[in-house]
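Chemist: Quick one: this structure, given as structure tokens, is what I'll be asking you about.
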Amino acid sequence: MSKEPIRLQTPLTGEGNESLRTGDVVLLSGVLFTARDAAHARIKEAIENGDPLPFDPEGQVVYFTGPAPARPGHALGPAGPTTASRMDPYSPLLIERGLKGMVGKGVRSEGVIRSMREHGCVYFGAVEGTAALLADRVKEAEVVAYEDLGAEAVRRLVVEDFPVVVVNDLRGGDLYREGRERWRRPVVPG
Amino acid sequence: MREIQAGRVSAAVRDLCIEANTKLPESHLAALRRALDDEESPLGREVIERLLQNADVASERCIAFCQDTGYAVFFVEMGSEARVTGGELGEAIDEGVRRGYDEGYLRKSIVRSPIDRTNTGDNTPAVVYHEPVPGDGFKLTMLVKGAGCDNMSALKMLTPAEGVEAMKDFVVETIERAGPNASPPVTVGVGMGGPFEKAALLAKKALTRPSGEPNPNPELAELEEELLGRINATGIGPAGYGGTQTALAVHVESFPTHIAAFPVAVNLDCHSHRTGSVQL
């Protein structure tokens, strides 16, 4: 956003992610897979039962969203990020299987952050509440699994210049913590 | 006795659902523009600019500006000399929600129960609160309540000895704990007094007040201003990326309470603050 954006093509690699820093503005192009609460619960079940996953996580990026229905002529309805911490119990399962990026909003648990650093996965923030703008960057969308979940189904999106910011990098940087520390002001007693 | 056709109620609810989800209230847009002027962090300003652009695009194309089109919450002020005919009020509201969420391309986010998480498929049931008032008026106020910020809300039963300072601390702590998860800049609804549930309901209703309109009671208005200053000193900022604009407004509502009690509830609303009302 304020800095010159970095253009990244998915799939991502652990080596490529090394150079990203907290606060970097990134424009993602390529494939993103959507999944939120119910889809993550099913993915966990599939892993436990040894069933096939909706997609091979290696190098992929998951976008935590449940889009609104699309009006005719749109690839996807409004689709902003949802709160990522609800996926904390599940994310390490995908990270251990090669997931290299997550897009959402809000803080992640220490366990997820540790798993990300160990396996070269980066957490990106998208600006929540900009669902109409973000949907414009989605060129194709198709349901690939769990269609019965409706908005929560797993979709394969093809995006172009999808705007995100690096929140958690591989060096322990955390935009939420650093941003808050930088702008915190003492309160003048009234 | 004034009679209001159930069909009129459904039609008004349908329009409110679409309008509230695709057009931000003018008072809220004005609050966002003020925040843009006041924000000191460049990244924070950029976030607010995007929110304003997003509001333009959504309104032009009549699409939802946030995919979480929420719980459909209604406050119904019905005069004792008015009544709904040709159908039951609750069903008329649900019918309006059904049509609004279908015809407005809005997401259906309601599941049957916290345990059985099957989607009801049409965003019903609506959440309806009745308030009896004198006269023959009929006013419907809708709040579209997203879950991300609702999840970060909190209630505490303080003691009278802890008093107003503990109440202020609790409000600020709730914002600190919510951090980026509540999608700042937020609108903060604070309810105090009554028994347990009254405080929560007041906090929710406080969110329907036009953004930044102070409480008519000057002491409460002063409290709102003080809380806003403290919240904006936390540094959380737009989208939680750091900045000086964490809340756009604090709305406090108060109700008499028990000699033994000082309940306080904090209900947060994200920057997609969706509310509207209609009189029939």
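Chemist: Which ones in the stretch B:209-242 are surrounded by fewer than 19 Cβ atoms within 10 Å (Cβ to Cβ) and hydrophobic (A, V, I, L, M, F, W, C)?
Modeler: Residues satisfying the conditions are B:Leu220, B:Ala221, B:Leu228, B:Ala233.
Chemist: Within the stretch B:193-212, restricting attention to residues that are more than 14 Å from the chain's Cα centre (by Cα) and in contact (Cβ under 8 Å) with a residue 40 or more places away in the chain, which residue is nearest to the other protein chains (Cβ to nearest Cβ)?
Modeler: B:Gly193
Chemist: Just checking, does the stretch B:141-160 include any residue being under 22 Å from the mean Cα position of the chain (by Cα) and farther than 30 Å from B:Ile231 by Cα?
Modeler: no
Chemist: Please pick out the residue among A:Glu147, A:Glu110, A:Glu142 that is more than 8 Å from every other protein chain (Cβ to nearest Cβ) and closer than 19 Å to A:Pro11 by Cβ.
Modeler: A:Glu142
Chemist: Taking the stretch A:7-38 as the region of interest, how many residues are closer than 26 Å to A:Phe55 by Cα and not in a loop (DSSP other than H, G, I, E, B)?
Modeler: Number satisfying all stated conditions: 19.
Chemist: Looking only at helices (runs of 4 or more DSSP H) that lie completely in the stretch A:101-190, which have at least 2 residues being among the aliphatic types (A, V, I, L, M)?
Modeler: The helices (runs of 4 or more DSSP H) meeting that bar are A:110-119, A:131-136.
Chemist: Next up: I'm told B:Ile175 meets every condition in (1) more than 19 Å from the chain's Cα centre (by Cα); (2) buried (at least 24 other Cβ atoms within 10 Å of the Cβ); (3) assigned to a helix (DSSP H, G or I) except one. Can you identify the failing condition by its number?
Modeler: (1)
One line per residue, one yes/no per condition, for (1) touching a Leu at 6+ places or on another chain (Cβ under 8 Å); (2) crowded, with 24+ Cβ neighbours inside 10 Å; (3) within 22 Å of A:Leu175 (Cβ to Cβ):
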residue: A:Thr34; (1), (2), (3): yes, yes, no
residue: A:His40; (1), (2), (3): no, no, no
residue: A:Lys44; (1), (2), (3): yes, no, no
residue: A:Asp56; (1), (2), (3): no, no, no
residue: A:Gln60; (1), (2), (3): yes, no, no
residue: A:Tyr63; (1), (2), (3): yes, yes, yes
residue: A:Leu93; (1), (2), (3): no, no, no
residue: A:Val103; (1), (2), (3): yes, yes, yes
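Chemist: Going through A:Gly173, A:Gly179 one at a time, which residue ends up being crowded, with 20+ Cβ neighbours inside 10 Å, more than 28 Å from A:Ala46 (Cα to Cα), out of contact with any strand residue (DSSP E or B) (no Cβ under 6 Å at 6 or more places or on another chain) and not hydrophobic (A, V, I, L, M, F, W, C)?
Modeler: Of A:Gly173, A:Gly179, the one residue that is crowded, with 20+ Cβ neighbours inside 10 Å, more than 28 Å from A:Ala46 (Cα to Cα), out of contact with any strand residue (DSSP E or B) (no Cβ under 6 Å at 6 or more places or on another chain) and not hydrophobic (A, V, I, L, M, F, W, C) is A:Gly179.
Chemist: Would you check which residues across the stretch B:54-99 are touching an Asp or Glu at 6+ places or on another chain (Cβ under 9 Å) and without any contact (Cβ under 8 Å) to a residue 60 or more places away in the chain and list them?
Modeler: Within the stretch B:54-99, B:Val57, B:Ser80, B:Asp94, B:Arg98 qualify.
Chemist: Looking only at the stretch B:6-21, count every residue that is surrounded by 23 or more Cβ atoms within 10 Å (Cβ to Cβ) and either farther than 15 Å from B:Cys270 by Cα or more than 9 Å from chain A (Cβ to nearest Cβ) (or both) and tell me the total.
Modeler: 5
Chemist: Okay, next question. I'd like the full set of residues that are within 14 Å of chain A (Cβ to nearest Cβ), touching a residue at least 40 places away in the same chain (Cβ under 8 Å) and closer than 18 Å to A:Arg184 by Cβ, limited to the stretch B:151-180.
Modeler: B:Lys168, B:Val171, B:Val172, B:Ile175, B:Glu176, B:Ala178, B:Gly179, B:Pro180
Chemist: Right, here's the next one. Report, by residue number, each residue of the stretch A:47-89 that is under 11 Å from the mean Cα position of the chain (by Cα) and either more than 11 Å from chain B (Cβ to nearest Cβ) or part of a loop (DSSP other than H, G, I, E, B) (or both).
Modeler: Selection gives A:Gln60, A:Val61, A:Val62, A:Tyr63, A:Phe64, A:Thr65, A:Gly80, A:Pro81, A:Thr82, A:Met87.
Chemist: Moving to a separate point now. Do any residues in the stretch A:85-114 that are β-branched (Val, Ile, Thr) have Cβ atoms under 7 Å from those of residues that are part of a strand (DSSP E or B), where the two are at least six apart or on different chains, and which pairs are they?
Modeler: Between residues of the stretch A:85-114 that are β-branched (Val, Ile, Thr) and residues that are part of a strand (DSSP E or B), the close pairs are A:Val103/A:Leu32; A:Val103/A:Val61; A:Val103/A:Tyr63; A:Val103/A:Phe124; A:Val103/A:Val164; A:Ile113/A:Asn168.
Here, each number is a calculation from the coordinates, and none is a lab measurement. Nothing here was measured: the structure is a model prediction, and the numbers come from that model. Cβ sites come from the backbone with ideal geometry, for glycine too, and all protein chains shown count toward neighbours.
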